[in-house]
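Each remark here refers to the structure printed beneath this line.
The values are calculated or read from the model by the stated rules, or taken from the named source; none is laboratory data. Remember, it's a predicted structure, so these values are computed and weren't measured experimentally. Reconstructed Cβ throughout: ideal geometry from the backbone, glycine too, with neighbour counts over all protein chains shown.
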Amino acid sequence: MQKASAGKTGKATKPVTGGPRDTEKAASFKPRGDRRPEGATRAPRSADTPAVSEPVTAPAEPQRTLQVRTGERPAERVPLILESQGAGDFHLIDSGAGEKLEQYGPYRVVRPEGQALWPKALPAHVWERADAIFTGDTDEDGMGRWRFPREALGETWPLSLLGVDFLGRFTSFRHVGVFPEQIAHWTWMKERIETAGRPLKVLNLFGYTGVASLVAAAAGAEVTHVDASKKAIGWARENQSLSRLDKAPIRWICDDAMKFIQREERRGHRYDIILTDPPKFGRGPNGEVWHLFEHLPLMLDICRELLAPNALGLVLTAYSIRASFYSIHELMRETMRGKGGLVESGELVIREAGLDGKTPGRALSTSLFSRWVPK
């Protein structure tokens with residue numbers, strides 16, 4: 001079993017639909033059930049250009065069909081476990097009994113976590129001193145409310161990850177604006193952008209609050225961020241200002257992910273790195289419906305066509321689905337037939353780090369992933 005660690009130096013990013021993610025994404029800031037949000041958007045050519053929804057009154061677009069790929073399948077590396085102990089203002093303090101205790105900047109937060117089957121390691125009084133506790137529906141897609149046992153807290157507060165500043169926010173879907181397990185992917189992407197020795201273009205599908213897009217832009221990439229939620233795009237642009245990246249080349253696009261990538265394919269646009277974090281179920285800005293198991297093969301097939309000749313990677317993260325990582329692993333290998341390279345798949349996990357953020361504990365699995373990279 002391969003294992004890689006994002007270490008303590010990562011920073012963060014986030015979810016939405018227009019394509020996939022979780023049902024949560026279909027609302028406000030499209031959550032993920034502690035998984036990813038839905039959404040897809042595409043941004044204008046400069047960071048100063050406002051988010052734009054492309055017209056939906058145009059004639060019906062030709063239907064893209066799934067291509068049957070031939071050639072050898074890429075080499076594989078499985079399982080690969082990408083582990084984070086935290087980064088910047090985040091770390092996982094403890095978990096157990098269906099909950100997790102996390103540190104987000106100055107606040108200790110308790111949220112439901114169905115995969116935490118074991119007993120809690122820290123005593124009850126530590127958990128009871130949390131600043132915010134999510135209560136209500138414990139289903140991944142369910143809504144609820146926040147309780148603040150110690151004192152009333154504002155809706156937002158500043159956070160920092162991987163050198164990027166952004167706003168945490170208490171949403172009705174238990175999410176706080178960042179999915180810290182993605183630190184492993186963001187660190188990988190950041191290193192490749194910084195060492196490429198050439199300008200890179202990054203496509204971030206279902207980009208949520210834009211943390212990943214900002215990490216890429218800060219590293220020197222030209223970024224296209226797509227999400228179906230106007231609120232999430234607005235939040236992402238707030239984060240852009242907080243990170244002092246107003247002049248960075250980021251296109252913020254509010255659009256349905258599938259429609260957007262099909263247009264990009266016809267336009268002949270290409271990207272060096274593509275991140276896609278679809279929900280299990282989601283809706284685009286004009287009612288487009290996304291079902292992960294129905295639409296994922298075609299989405300990946302189109303993403304393959306959007307890769308530049310010397311592309312550096314295609315990353316898929318899947319949350320809240322009843323499947324093995326092998327399901328998306330084999331799909332990725334079939335999609336990339338004849339492309340060469342390597343497909344590495346497995347799980348993203350976060351390691352408990354205790355109250356001090358430095359005491360390793362148990363590993364909490366958060367999502368599945370599959371990543372194609374050139375050899």
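So that you can scan it fast, the table gives a plain yes or no per residue for (1) without any contact (Cβ under 8 Å) to a residue 40 or more places away in the chain; (2) part of a loop (DSSP other than H, G, I, E, B); (3) hydroxyl-bearing (S, T, Y); (4) under 30 Å from S241 (Cβ atoms):
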{"residue": "L92", "(1), (2), (3), (4)": "no, no, no, yes"}
{"residue": "R108", "(1), (2), (3), (4)": "yes, no, no, yes"}
{"residue": "L122", "(1), (2), (3), (4)": "no, yes, no, no"}
{"residue": "F134", "(1), (2), (3), (4)": "no, no, no, yes"}
{"residue": "W146", "(1), (2), (3), (4)": "yes, no, no, yes"}
{"residue": "L153", "(1), (2), (3), (4)": "no, yes, no, yes"}
{"residue": "L159", "(1), (2), (3), (4)": "no, no, no, yes"}
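Checked against (1) surrounded by fewer than 17 Cβ atoms within 10 Å (Cβ to Cβ); (2) hydrophobic (A, V, I, L, M, F, W, C); (3) assigned to a strand (DSSP E or B), A323 passes all but a single condition, namely (3). Return the total of residues in the stretch 283-307 being under 17 Å from the mean Cα position of the chain (by Cα), assigned to a helix (DSSP H, G or I) and at pLDDT below 95. Qualifying residue count, the stretch 283-307: 1. Is one or more of the residues making up the stretch 343-358 touching a residue at least 12 places away in the same chain (Cβ under 8 Å) and out of contact with any strand residue (DSSP E or B) (no Cβ under 7 Å at 6 or more places or on another chain)? Checked against the condition, which is being touching a residue at least 12 places away in the same chain (Cβ under 8 Å) and out of contact with any strand residue (DSSP E or B) (no Cβ under 7 Å at 6 or more places or on another chain), the stretch 343-358 yields no hits at all.
Tell me, which residue of the stretch 180-235 that is acidic (D, E) and buried (at least 24 other Cβ atoms within 10 Å of the Cβ) is nearest to L316 (Cα to Cα)?
Kept after step one, since they are acidic (D, E), are these residues of the stretch 180-235: 181, 191, 194, 222, 227.
Filter again for buried (at least 24 other Cβ atoms within 10 Å of the Cβ), leaving 181, 227.
Working: E181: 13, D227: 16 Å.
Per the criteria, the residue is E181.
How many of the residues making up the stretch 228-252 are basic (K, R), more than 24 Å from G197 (Cβ to Cβ) and part of a strand (DSSP E or B)?
First, the residues of the stretch 228-252 that are basic (K, R): 230-231, 237, 244, 247, 251.
Filter again for more than 24 Å from G197 (Cβ to Cβ), leaving 230-231, 237, 244.
With part of a strand (DSSP E or B) added as a condition, the list becomes none.
Total meeting the criteria: 0.
Take the conditions in contact (Cβ under 8 Å) with a residue 24 or more places away in the chain, among the acidic types (D, E) and either surrounded by 21 or more Cβ atoms within 10 Å (Cβ to Cβ) or touching a Gly at 6+ places or on another chain (Cβ under 8 Å) (or both) and apply them to E113. Does it pass? Working first, answer last.
Details: in contact (Cβ under 8 Å) with a residue 24 or more places away in the chain: yes; among the acidic types (D, E): yes; either surrounded by 21 or more Cβ atoms within 10 Å (Cβ to Cβ) or touching a Gly at 6+ places or on another chain (Cβ under 8 Å) (or both): yes.
Yes: the conditions hold for E113.
Yes/no matrix, rows are residues, columns are (1) closer than 24 Å to H91 by Cα; (2) among the β-branched types (V, I, T):
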residue: K259; (1), (2): no, no
residue: I273; (1), (2): no, yes
residue: K280; (1), (2): no, no
residue: R304; (1), (2): no, no
residue: A311; (1), (2): no, no
residue: A323; (1), (2): no, no
residue: M336; (1), (2): no, no
residue: G340; (1), (2): no, no
residue: F369; (1), (2): yes, no
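The residue of the stretch 172-227 that is farthest from I273 (Cα to Cα), among those that are of a type in the set (D, E) and outside any helix (DSSP H, G or I), is D227. Of the residues making up the stretch 349-375, just one is surrounded by fewer than 18 Cβ atoms within 10 Å (Cβ to Cβ), modelled with pLDDT of 95 or more and within 28 Å of G338 (Cα to Cα), namely P374. The residues of the stretch 285-312 that are charged (D, E, K, R) and in contact (Cβ under 8 Å) with a residue 12 or more places away in the chain, listed by number, are E288, D301, R304, E305.
All conditions but one from (1) under 30 Å from P106 (Cα atoms); (2) in contact with a His (Cβ under 8 Å, 6 or more places away or on another chain) apply to F281; the one that does not is (1).
Does the stretch 308-319 contain any residue that is in a loop (DSSP other than H, G, I, E, B), at pLDDT 95 or above, surrounded by fewer than 15 Cβ atoms within 10 Å (Cβ to Cβ) and touching an Asp or Glu at 6+ places or on another chain (Cβ under 8 Å)?
Filtering the stretch 308-319 down to residues in a loop (DSSP other than H, G, I, E, B) leaves 308-312, 319.
Now narrow it down to the ones that are at pLDDT 95 or above: 308-312.
Then drop every residue that is not surrounded by fewer than 15 Cβ atoms within 10 Å (Cβ to Cβ), which leaves 308-310.
Add one more test, that the residue is touching an Asp or Glu at 6+ places or on another chain (Cβ under 8 Å), and what stays is 308, 310.
Taking every residue of the stretch 308-319 in turn, at least one turns out to be in a loop (DSSP other than H, G, I, E, B), at pLDDT 95 or above, surrounded by fewer than 15 Cβ atoms within 10 Å (Cβ to Cβ) and touching an Asp or Glu at 6+ places or on another chain (Cβ under 8 Å).
In summary, M299 fulfils each of the numbered conditions (1) surrounded by fewer than 21 Cβ atoms within 10 Å (Cβ to Cβ); (2) over 23 Å from Q115 (Cβ atoms) with the single exception of condition (1).
Select from the stretch 86-110 the residues that are β-branched (V, I, T) and within 22 Å of A184 (Cα to Cα) and write down the one among them that is surrounded by the fewest Cβ atoms within 10 Å (Cβ to Cβ). Working first, answer last.
Here is the first cut: in the stretch 86-110, the residues β-branched (V, I, T) are 93, 109-110.
Among the residues that remain, those that are also within 22 Å of A184 (Cα to Cα) are: 93, 109.
On the way: I93: 25, V109: 22.
Only one residue tops the list, namely V109.
Filtering the stretch 245-284 down to residues that are free of Cβ contacts under 8 Å to residues at least 24 places away in the same chain and of a type in the set (D, E, K, R), which residue is surrounded by the fewest Cβ atoms within 10 Å (Cβ to Cβ)?
Looking only at the stretch 245-284, we keep the residues that are free of Cβ contacts under 8 Å to residues at least 24 places away in the same chain, and these are 266-268.
Retained after the next criterion (residues that are of a type in the set (D, E, K, R)): 266-267.
Working: R266: 12, R267: 9.
By that ranking, first place goes to R267.
Screening T335 with (1) within 18 Å of the chain's Cα centre (by Cα); (2) surrounded by 23 or more Cβ atoms within 10 Å (Cβ to Cβ) gives one miss only, at (1).
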